[in-house]
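The values are calculated or read from the model by the stated rules, or taken from the named source; none is laboratory data. Keep in mind that this is a model prediction, so the values were computed, not measured. In this analysis, Cβ positions are derived from the backbone assuming ideal geometry, glycine residues included, and neighbour counts consider all displayed protein chains. Just the protein is used for accessible areas: all its heavy atoms, side chains included, with ligands, DNA and RNA removed. Shrake-Rupley method; radii C 1.70, N 1.55, O 1.52, S 1.80 Å.
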Amino acid sequence: MDEDVLTTLKILIIGESGVGKSSLLLRFTDDTFDPELAATIGVDFKVKTIAVDGNKAKLAIWDTAGQERFRTLTPSYYRGAQGVILVYDVTRRDTFVRLDNWLNELETYCTRNDIVKMLVGNKIDKENREVDRNEGLKFARKHSMLFIESSAKTRDGVQCAFEELVEKIIQTPGLWESESQNSKLRLSDSPDARGGGSCGGYCSML
Amino acid sequence: MAADSDPESEVFEITDFTTASEWERFVSKVEEVLNDWKLIGNTASRALEKGELTTGIWEEKSDEISFADYKFSITHHYLKRGPLTDKEAKEGSEEDALPEAMQDLLCVDNDFPPRAHCLVRWYSLREFVIIAPGANSDAVISESKCNILLSSISIALGNTGCQVPLFVQIQQKARRMYVGVCEGPGVRTDFEMVHLRKVPNQYNHLSGLLDIFKSKIGCPLMPLPPVNVAIRFTYVLQDWQQYSWPQQPPDIDALVGGEVGGLEFGKLPFGACEDPISELHLATTWPYLAEGIVVDNDVYSDLDPLQAPHWSVRVRKADNPQCLLGDFLTEFLKICRRKESTDELLGKSAFEEDGKENTDITHALQKLTDPGTVHIPRLSTMSNIVHSARKRMHRNRRVEESPINNEVLNSILLFLFPDAAEKAGEASDVTPSTSCGVGMAATDEDYNLYSQFKSAPSNSLTYKLALCLCMINFYHGGMRGVAHLWQEFVLEMRYRWENNYLIPGLANGAPDLKCCLLHQKLQMLNCCIERKKARDDGRKQLSSENASSSSIERKLSNNSSDKEKKEKGDPSQQKSWDSWSDSEEEFFECISDTEELQESDKKEGAAKGERKVEEGKKETQRWKPEGRLHQYGNMTLLRMGELLYIPVTQEPAPMTEDLLEEQSEVLAKLGTSAEGAHLRARMQSACLLSDMESFKAANPGCCLEDFVRWYSPRDYIEEEVNDKIGNIVLKGELSARMKIPGNMWVEAWESAKPIPARRQRRLFDDTREAEKVLHYLVGLKPADLARHLLPCIMHAALLKVKEEESIEDIPCVRKIIQQIVTHVSKLLRYSNPDLKKLEDIINQIIASEAIIARSRSLQAKFGINKCEKEDEREELERFVSCLLEQPEVPATGAGRGHIGTIIYKLFVNAQRAATLTPIDDEPRKPSSERRPSSGAVPEFPPPTGREIILRTTVPRPAPYSKSLPQRMYCVLLKDDFRLAGAFSSDTSFF
Ligand SMILES: Nc1nc2c(ncn2[C@@H]2O[C@H](COP(=O)(O)OP(=O)(O)O)[C@@H](O)[C@H]2O)c(=O)[nH]1
Ligand SMILES: [Mg+2]
């Protein structure tokens, strides 16, 4: 059944606790919103196959807890991830302020430098917004990330966030192939390689 | 087909093919190819720029054609040029302009190109087509066949109106014999060639060659217009005299103070073992001479190389000079492909210790998990460490069998474990230097490299080990030496684990996932040692302070000593406490805990009475606080009003990447069902539970809300509400998700007992993890080991090349290094890198090594260091660096310039040595008067090659014919004589 799956992608959801990471994931995988969702302990894991541009991709999505103490566990899950979703809560400025820390963490533990990053401002259905959309945009631009606002509750932007991320990953060469085929060495730039002496008709007098 | 629309050609083709002979078919095939390549019509374009034939980009196109069943290749060579400007296009489109190739015959701006196709060298062509026998076909030798081919191409050119010269290659390939034709409107040039083994005497000078040129032209005019002459003599220097190549292969037998043959451990060798520059070619050129200005005949010559207006130099590089670094790397890579295990290489039981219990892992595990026999190491002096591990080894194996001799092995081990030497003689249990600052000391650039390559910091143990193994492999017994050193290394690791000696050269803390797995494993082992040592030290301290209890074991298992029992207020609480803590294996402790414990012991004594009163007052506080780290701001417990304390918690378990991988696999395997998710959370809740217990112990009387405020602050929601009197007060409660009945947080909270971290069950089983690491190390074959260390070796090699390059400052090497870094970091990202690709990379490294060696060789030869004048020195440096990057470099000032003087001396010295003349201090100044024609020793050797180009424009074949370019290129070598003539004639008026 997995035969037509182009690739399996590892995606990570990070951000402060309570911003709605688990709810976003649940909305994406099961299209539901559970107000009774328990606070994550350590890391959780879900799988979903989606089609982007006619390519099927299997997503292995790791959801993390976000609390300070659990962070000692999570760096391992950064390993080998191709995409990361960084979530903040638009109704809580402190979760936005902490984004820099999360990016640092990402920088430190990520094993590849070409990982695709998406910034998600969640809970836009709530009224007491503290972080303006433009602030999110600005932050994303500064750190070369994709950006979207969402609500796990009303499903706004959720599907789109995951799809955009996957599309971008697939467009990034070398990110999803396990081994890049085209890494043949070009020797031609070394001065010696232009043919020394008796090659292909190009020769010196002696 | 474009021709389809043309009815005439259609008819022509049909009739042609029905009746065609093989020969006709061949001709039409040639025409077809010329058409396909759009080589039809006027070729005129802009004139060549100076040197353009050398500096421009050449391209070629190829096809296959056959004559009957005889295969030919047809190839179009052309200089890539930008499109014509409008003006140029107009100028060029004159109807009867000469074909480009004919005009170029007279062009003097591209004479003697340093590197070019021979036809370009001979005829100064910018575009031509060659028909040559196919790869497996015989050479065209018989004259009749040559003629058929030649007439075929003439017809093809005539039929198509192609103005590009077309050549056929005849005779054996190696002779490079070509005949060809170029056709223009009413004009034609024949390219003819003479090739002989010996230079005929009558043509061994300019005047003879002029004679033959003139007779070939057969010009009816008298007197002939003057012939233009360009001459180049090339001199070859092979004997560099006193500049003998300084670098010798290291002497492996000499061992001086931690160095082998002058090679320090931890340093990679560098450089070529032979002179990477074999020859210097000096070309002395007279670019424009009119006939009659110089005399050069069988008895006399005006052509003194010192007087030549133009000098240029080429160097010939030794093919694949033996390079030390390259050899090292190549040999190391070979280990990766071997299959043998350490046992197979060294004989059975390589890792076994005699006498003592063997290192069987299950046995060791049993021993260490058995609570009755806690291992208390006997401390020995550090100086014994290395040796004792080795003694055990040597009893197992006859000494003469050891691939590495004792002295070498000792110095390597001291290099790897410097703490053994530092502490020698100090009979103490001083903690070995914990190597703090490792990793920090490394430069930014280095840091980048090691994280890109996933190697290890350049001063780490792992890195040093890699370098030592590389050297052992090269000089001391190859694979067996590698196996031997590895075995010693592993024994040392076990010894350190068993005796609580930290391993030096590793950064403190959890394994660095940016480093290679082997490095992580060693860091992991160090973490285990650190914890075990802390635990053991704690016990020792306790036992020494507690004179009454003679053994640590007793003290520990008698946790509920009389003294403590008395202090506990509530007996029921006491019970559950005991049930948790009286098992030996659950004991956890670290130094800080121990100190704290002692301190609180003392305080307890003093405050005993006081506390009793307090406890009586507050009955909810049922235990005394333990394991506090520090206050959490000014926060107080919700129910108690006491200050809230952050507890000392168990440190997270250090993990290597393979463990992490395993763990995440296990977690992923639980699947995505609700039960799976629940189980997953449960599996990860050990840390949460432990923290809750520590929290409870530190904060008697606390509740879940208190814990959440510290642990997950956003799950404690505070709101401003109006109380009954109308005052605004803060009201807080747990978040909705924390309030869900039976959720795991609540569950864990309820089952958590107030136990400080030091008495909790260990989350990290250092014993088990250490044994796992040691087992892993023992199981590595030399090939595995080499693969593990490849990143370190590549890292070291690149640092070495960089270091050497920075001394010489060679831009092209910098560029290669940059490329290599990119490739290597891509390659090493995967756990099993493609060895073939690594081999390519090693070849690149060798290429850089050779370039640097060449640069040094040239600097020595041209005496850059001896050069005192600043400007001259700079000029020389520029010159040398050009020699590395360009095929041919002009020497400014020719024989009179500074560089010319140096080159002149090189030749003179070589020449004198050859004729056994003593070397003068001051050879003749090159600018002085003509050399004596005979008698004294000639200062220059005879030229190795002479090239002469003769050019003129005359009417042919009749005096009233058009005046057309004529050219003959002559090359005279010791056993090669070639005349390549291009003779044009008027085909309308003759
Ligand atoms: N109104 C609203 N509440 C949300 C939304 N997403 C999550 N929540 C609530 O925010 C709380 C934390 O959500 P959760 O997904 O557990 O956050 P996590 O800790 O980041 O995984 C829960 O009570 C959710 O019901 C949203 O989009 N809108
Ligand atoms: Mg969650």
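From the protein chains alone at 1.4 Å, what is the descending order of accessible area for A:His143, B:His205, B:His310, largest first?
Heavy-atom accessible area, descending, gives B:His310, A:His143, B:His205.
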Item to check | With all protein chains modelled, accessible area of B:Phe474 [1.4 Å, Å²] | outcome: 60 Å²
Next on the checklist: Taking all protein chains in place and a 1.4 Å probe, what share, in percent, of the accessible surface of segment A:7-171 do carbon and sulfur account for?
Outcome noted: 44 percent
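With +1 on each Lys and Arg Cβ and -1 on each Asp and Glu Cβ, and nothing else charged, work out how big the dipole of segment B:934-983 is about its Cα centre, in Debye to the nearest 20. Please report the intermediate quantities before stating the final value.
Numbers: 7 positive and 4 negative charges, 81 e Å.
Dipole about the Cα centre, nearest 20: 380 debye.
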Checklist entry - Simple spin-label model, 7 Å along Cα-to-Cβ: B:Ser735 to B:Ile40 in nm? => result 7.9 nm
Checklist entry - What part of the accessible area of segment B:628-753, given as a whole %, is carbon or sulfur when the probe is 1.4 angstrom? => result 53 percent
Next on the checklist: Residue by residue through A:41-51, how many Cβ atoms from other chains fall within 10 Å of the Cβ on average?
Outcome noted: 5
Next on the checklist: In segment A:7-171, if the dipole is taken from +1 on Lys/Arg beta carbons and -1 on Asp/Glu beta carbons about the Cα centre, which of A:Tyr109, A:Phe147, A:Ile85 is farthest to the positive end?
Outcome noted: A:Tyr109
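What does the C-alpha gyration tensor say about the overall shape of segment A:7-171? Classify as rounded when a/c is under 1.5, otherwise prolate if a/b is larger than b/c, or oblate.
rounded
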Next on the checklist: For a quick check of understanding: with a 1.4 angstrom probe and all protein chains in place, what accessible area in square angstrom does A:Ile124 have, to the nearest ten?
Outcome noted: 50 Å²
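In this model, which of A:Lys21/A:Lys138; B:Lys514/B:Lys781; A:Lys46/B:Lys731; A:Lys10/B:Lys532 are farther than 26 Å apart at the alpha-carbon?
Too far apart for the 26 Å limit: A:Lys46/B:Lys731; A:Lys10/B:Lys532.
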Item to check | Between segment B:836-888 and segment B:458-494, the alpha-carbon center distance in angstrom | outcome: 34 Å
Checklist entry - If you take the beta carbon distance between A:Asp34 and B:Asp658 as r and set R0 to 45 Å, what does 1/(1 + (r/R0)^6) give as a FRET efficiency, to the nearest 0.05? => result 0.80
Checklist entry - Ordering B:Arg829, B:Arg967, B:Arg878 from largest to smallest accessible area (1.4 angstrom probe), what's the sequence? => result B:Arg878, B:Arg829, B:Arg967
Checklist entry - Ballpark to the nearest 100 Å², how much total accessible area do A and B bury together, probe 1.4 Å? => result 5200 Å²
Item to check | Accessible area in the full protein assembly, largest first, 1.4 Å probe, for B:Glu947, B:Glu407 | outcome: B:Glu407, B:Glu947
Checklist entry - Excluding ligands and nucleic acids, what accessible area in Å² is computed for B:Arg737 using a 1.4 Å probe, to the nearest 10? => result 50 Å²
